[in-house]
Structures are given as structure tokens and as C-alpha cells.
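Here's the structure, in C-alpha cells; my notes come after.
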Amino acid sequence: MNKPEENRMSGEKAVIRAVCISEKKGEQKHPVEKVQLRKETGIVGDAHAGNWHRQVSLLAQESVDRLQEKITIRLFPGAFAENILCDGITLCKLPVGTRLKIGSALCEVTQIGKECHADCAIRQQAGDCVMPREGIFAIVLEDGEAKAGDFVTVLDKRNE
């Protein structure tokens, strides 16, 4: 039986503010018009694409805004190496196993947060990085595409 919170969060939506890629690992990403999400690969053209558990990274605009209030450098989409920047869902509260519709692609959350590597570009510039605490990662289960203005929709939670 579903917990009341699960029922409330199922169907919850966030608006995608930016879709971003980078050509090399360890770099900040840059916004692009749209991304192709491919099963067992992730985002086509992104340095982190591959058959592993962190194919797509997502970060909430709210997380970025909280840090922006504390620092003087201007934060832009992709600054935290996120592929999908969205607002409207507390992403880091979604459990591993949650199924998400990202644009037209079906994805599943595989990890909440990550260890920040020593030469993290944003940590060097801003003194902090929210990705280790509030970013989430997913794999692509069904191909699709996403662009700014599309939605991230919570479909269900599998592993609570």
C-alpha cells in the first residue's frame, strides 16, 4: 500500500528550465536547445553518456537559487554539471527507484547526490557545490527528448 506522501508526490511536475551538456568530464555544462535521451546511453553528445547508473543528472533551480543568495559570482544553467535544471519538485527527496518522465523519455532515479571531485570547477569558483547534496541521477529506460519548457513528471516510486 502506498504511503500518503507517495500518493501526493505521484504526478507532481517540474518545469525544465535548461538542458545542458559538456563535451568533457569535469567541466561545467552549457545549455543546448534540446537533448536526445537514449536507453542504456543517457544524453547523446554528453561526456557522461554511457551504460552506467549516472546517465542523466538533474538539479532543482531552487537549490541553485539558495546558493546564489550566498555568493557573488553569477550562476548559470549547467554550472553544477547538471543535464536537466528544473523547478517545482524537491528532487533530492525522491527515493531511488522513482520513475520520471523527462520530456518524452522515461527514466529511473538511481542515485541521490554524489561525492564532489577535488577539482570541481564550481566549488573552486563559488566555494560550494550543491550537486553532492541535492542533485540526483537517473538512467534512461525509454528513448525521448527534452528541452526547456518541457516537464519532469513523477510517475511512481518503486523502491521505498
Amide proton proximity set for Leu155, modelled H, under 5 Å, gap of 5+: Gly11, Arg99, Leu100, Lys101
Per residue accessible area in Å² of region 47-98, where ligands, DNA and RNA are left out and the probe is 1.4 Å: 43 Å²
Fraction in percent of alpha-carbon pairs per bin - 5 Å, region 55-116: 3, 15, 27, 27, 16, 7, 4, 1
21 Å tail of the calculated P(r), region 1-107, as % of Cα pairs: 39 percent
J(HN,Hα) series, region 108-114, from Karplus relation 6.51 cos²θ - 1.76 cosθ + 1.60, nearest Hz, glycine and proline x: 9, 5, 10, 7, 10, x, 6
Sequence-distant lysines (8 or more away, or on other chains) whose Cα lies within less than 16 Å of Lys25: Lys114
Nearest-10 value in Å² for the accessible area of Leu85, using the 1.4 Å probe: 10 Å²
Gain in span if fully extended, Ala47 to Lys147, counting 0.36 nm per residue against the direct Cα distance: 34.2 nm
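The values are calculated or read from the model by the stated rules, or taken from the named source; none is laboratory data. No experiment lies behind these values; they were computed from the predicted model shown. For the accessible areas, the whole protein counts, side chains as well, though only heavy atoms, and no ligand, DNA or RNA atoms are used. Shrake-Rupley method; radii C 1.70, N 1.55, O 1.52, S 1.80 Å.
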